[in-house]
Each structure stands twice: as structure tokens, then as C-alpha cells.
Amino acid sequence: MKRILLIILATLGVVGGGAFAAVFFLDIDLGKVLAQEEKEPTAEELAARSYSMEPITTNLLSDHYAVVQLNLLADGEKSYHELEVRNPELKSIVISTLANLSRSDLKGAEGLKTFEESIRKQINDVLQDGDIERVLVIDFKIQ
């Protein structure tokens, strides 16, 4: 039993020593390595994944119509390209969602937040190569 314990401790010592030597001799900055994993994307990286739809004008459930323009933040390059290809489906999702909402449903920040979340979920159901992280209403008018 003592022999097995001694072998395990010796193995751990060799592995630990090797890891220390690698960090020391290869001049690896562990702080930078850990910071890269937790780093937020830059504005340029976000812009590269940000897809802006054309303005959409459609009737609401009430006797009003809405003009809305959305910006979709894809989780990667593949999903961004899929958004470009599926543009007609995206428009259809937005139009059908708005057609089931009244002016009062879209009132205030909470109404827009609910609309954005609904659109995000519906688009994620359609996408095959990734997801939408965020939907932003960048232009919105009701008349």
C-alpha cells in the first residue's frame, strides 16, 4: 500500500514539476492565458457578427401599422452567413409576430423587450448553424 502511494506521489511530483518548468522556461503568462478565456469581444468582433435587417412595414393586430428595423447578433461567422441566406424567412418571422401584436403589446421598454425575445427564440428555432445571442430594435414606429 505504501509502495502504491509512493508511486502516485512521485508521478504527481514529476507532472507538477514539468508543468512548472514549462511555465517558467517557456515564459507563459498565466494571467494573459486566463484573461483571454474570459475576454469580452471587441466592438469590431461584434460588428462582424451583427446583421442589420432592412426596415419592415406591416399591419398590427389593431388598426395600426408598425415600421421596425432589427439588428441580430449572431454567435459566430456560420450563423451570420445563415442569416444572410435566410433573410426572407427572417422577414416572415417578424411580420407574423407583429401581425399578432397590438399597439399596447409593444408599448414601453418591457413591450419591446418581450418582442425582441420572441423574435430571438423564433429565429433560433429556424437556424441550423448557430444561434442569435441578441436582437436589438434599432428603429421602431407605430402609426
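Checked against the criteria, PHE140 counts as at pLDDT below 95 and open to solvent by 40 Å² or more (accessible area, probe 1.4 Å). The set of residues in region 62-93 that are more than 15 Å from GLN128 (Cβ to Cβ) and open to solvent by 40 Å² or more (accessible area, probe 1.4 Å) comprises ASP63, HIS64, TYR65, GLN69, PRO88, LYS91, SER92.
Sort out which residues of region 118-137 are open to solvent by 50 Å² or more (accessible area, probe 1.4 Å) and under 27 Å from HIS64 (Cβ atoms), and write them in order of number. Explain how you work it out, then say what you get.
First pass over region 118-137, keeping only residues open to solvent by 50 Å² or more (accessible area, probe 1.4 Å): 120-122, 125, 128-129, 131, 133-134, 136.
Across region 118-137, the qualifying residues are ARG120, LYS121, GLN122, ARG134, LEU136.
Cβ-Cβ below 7 Å, separation at least six or inter-chain, first residue in region 92-107 and in a loop (DSSP other than H, G, I, E, B), second open to solvent by 20 Å² or more (accessible area, probe 1.4 Å): which pairs? Going by the 7 Å Cβ cut-off, the qualifying pairs are ASN100/LEU61; LEU101/LEU61; SER102/LEU61; SER102/SER62; ARG103/SER62; ARG103/HIS64; ARG103/ILE142. Quick check, is LEU83 under 17 Å from ARG49 (Cβ atoms), at pLDDT 90 or above and not in a helix (DSSP H, G or I)? In short, no. May I ask you to verify whether SER96 is touching a Ser or Thr at 6+ places or on another chain (Cβ under 6 Å) and either open to solvent by 20 Å² or more (accessible area, probe 1.4 Å) or hydrophobic (A, V, I, L, M, F, W, C) (or both)? Spelling it out, it is not the case that SER96 is touching a Ser or Thr at 6+ places or on another chain (Cβ under 6 Å) and either open to solvent by 20 Å² or more (accessible area, probe 1.4 Å) or hydrophobic (A, V, I, L, M, F, W, C) (or both).
The values are calculated or read from the model by the stated rules, or taken from the named source; none is laboratory data. For clarity, every value in this text was computed on a predicted model and none was experimentally measured. When we count neighbours, we look across all protein chains shown, and the Cβ atoms used for this are built from the backbone with ideal geometry, even at glycine. In case anyone asks, the SASA skips ligands and DNA or RNA and just uses the protein heavy atoms, side chains included. Shrake-Rupley method; radii C 1.70, N 1.55, O 1.52, S 1.80 Å.
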